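This report concerns only the one structure given below.
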Number of protein chains: 2
Amino acid sequence: MNKFEEKTIDTEVIYKGKIVQLQVDSVTLPDGQTSKRELIKHPGAVAVIALTDEGKIVFVEQYRKALEKSIVEIPAGKLETGEKPEITALRELEEETGYTTDQLKLVTSFYTSPGFADELVHLYFTDQVKPLEQKVDLDEDEFVELQELTLQEAEQLALDQKIHDAKTAFALLYLKLRGETR
Amino acid sequence: MNKFEEKTIDTEVIYKGKIVQLQVDSVTLPDGQTSKRELIKHPGAVAVIALTDEGKIVFVEQYRKALEKSIVEIPAGKLETGEKPEITALRELEEETGYTTDQLKLVTSFYTSPGFADELVHLYFTDQVKPLEQKVDLDEDEFVELQELTLQEAEQLALDQKIHDAKTAFALLYLKLRGETR
C-alpha cells in the first residue's frame, strides 16, 4: 500500500508556533540506509471559489509577508482545531468578503507542498452568495480588500503575476473548464 | 503598489535546514500594531506535465514523509542554488522518469502556500519525450516508481485520493482543458 515507506527512528521538534510546527525526522529508507526529513506540520486550510449573481469571481487582495508583496487570491484561511472545513470556509468567506452563502460544494482537497509540509487545502465552490446584513470582523492582524472580477480580468492578473498562488490558479482553470463545458 | 505592506522590525532565524529555513518576523501592521509572522523560506521547485507518444501522462509514485503515505504526482523537484528552473525541470524529468525532452514550455508559476511559505513552483509542459539511452541516478535518499496513465485513469486516482497534491491537481485540469479546447 505505502510503497517505499520510510520508518521513523526519531522525531526532533524544533519549533511549535501558532501556525506551523517544524520537526526533523530521522528515517529508515527502503534500502535500509537512514536519512533526515525536514517536516512542517500545519492545521490545514480552506479556500472558496465564490461567484456573485453577476457571475463575477470574489477575490481578496492581501499582503503576504512570506512573499514580501501583496497578491490577489480567492478567500481562504486556516482551520481552527476541531473545526469542520465547511464551517471554516463559511467563516472565512464572511469575514474576508462580506458575503455569506447556504450552499458550499466541496470541489477537491489537495496538499500544497507534499515534499515538506502536510498542509491540506479544502476547496469549495458556491454561486449562491448574498451580502451579509452585518459585517463580521477580520482577525486583528488581518487586512484584506475585496475585489470582484470577471474570469478574463482574473486571467490578466495571473499574467501580470498579481494572481500567483496554487489554489487561485486551480480555481481559474476550474472556472474556465466549467464555463466551456456546461 | 504593495497594499497593506508589513514592515519588518526584527527577524529571528529559528532553523536553517537543507530544504527549509524557518524564521519568525516581527512586523508593523498597516494600523500601526505589531504582530509576528512564522515564515518558511524554500529554494523553489519545478514540476513537469509530460505526455508520451501514446498520449499517456507521466507520473511518479513516492512516499511523502510529511503525509506518512505514498502518493502519485507529476515529476517534480526542488531548485538547486543558482540553477535555472528549466534545467532543474529537465534534470528531474530524466532522473525520476527515464524520459528526456528538448522541448519544455513554461505553463505557469505559482506559490504553493503564500500564507507561510515562499515556495514558488515553476510548471512545465512537454508532449515531446523520448526514453533516455542511459538511465540517470536519483538522489541517494529518493525512491520513485514510474506510472504512465490516461487522463481518465488519473482522474480516478484523484477521486481515490491517491493523486492528492496541488501541482498535480492543476496539471489534470490543464490537460482536461487542453483536450476539450484544441
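The values are calculated or read from the model by the stated rules, or taken from the named source; none is laboratory data. All figures in this text were calculated on a predicted structure; none of them were measured in a lab. Here the Cβ is made from the backbone with ideal geometry for all residues, glycine too, and neighbour counts use every protein chain on show. Only protein heavy atoms, including side chains, enter the accessible area calculation; ligands, DNA and RNA are left aside. Shrake-Rupley method; radii C 1.70, N 1.55, O 1.52, S 1.80 Å.
Annotations
- Note on region B:77-120: residues that are facing chain A (nearest Cβ under 7 Å) and within 23 Å of residue B:148 (Cβ to Cβ) amount to 0.
- Residue that is least open to solvent (accessible area, probe 1.4 Å), among those in region B:150-179 that are among the hydroxyl-bearing types (Ser, Thr, Tyr) and under 17 Å from the mean Cα position of the chain (by Cα): B:168
- Residues (open to solvent by less than 50 Å² (accessible area, probe 1.4 Å) and more than 11 Å from chain B (Cβ to nearest Cβ)) located in region A:139-149: A:149
- Filtered by the rule that a residue be open to solvent by less than 50 Å² (accessible area, probe 1.4 Å) and more than 14 Å from chain B (Cβ to nearest Cβ), region A:121-133 gives A:124, A:126, A:129, A:132.
- Residues of region B:1-56 satisfying the condition of being open to solvent by less than 40 Å² (accessible area, probe 1.4 Å), more than 10 Å from every other protein chain (Cβ to nearest Cβ), in a loop (DSSP other than H, G, I, E, B) and in contact with a Leu (Cβ under 7 Å, 6 or more places away or on another chain): B:44
- Every test in (1) charged (D, E, K, R); (2) under 24 Å from residue B:38 (Cβ atoms); (3) more than 19 Å from the chain's Cα centre (by Cα) is passed by residue A:102 save one, and that test is (2).
- Among residues of region A:92-113 being charged (D, E, K, R) and in contact (Cβ under 8 Å) with a residue 24 or more places away in the chain, the one that is surrounded by the most Cβ atoms within 10 Å (Cβ to Cβ) is A:96.
- When A:116, A:4 are screened for being touching a residue at least 24 places away in the same chain (Cβ under 8 Å) and over 20 Å from residue B:19 (Cα atoms), only A:4 passes.
- Output for region B:57-85, where each listed residue is within 16 Å of residue B:122 (Cβ to Cβ), among the charged types (D, E, K, R) and either within 13 Å of the chain's Cα centre (by Cα) or buried (at least 17 other Cβ atoms within 10 Å of the Cβ) (or both): B:73, B:78
- Options A:70, A:35; residue that is over 19 Å from residue A:173 (Cβ atoms) and outside the structural domain of residue A:169 (by TED's automatic domain parsing): A:35
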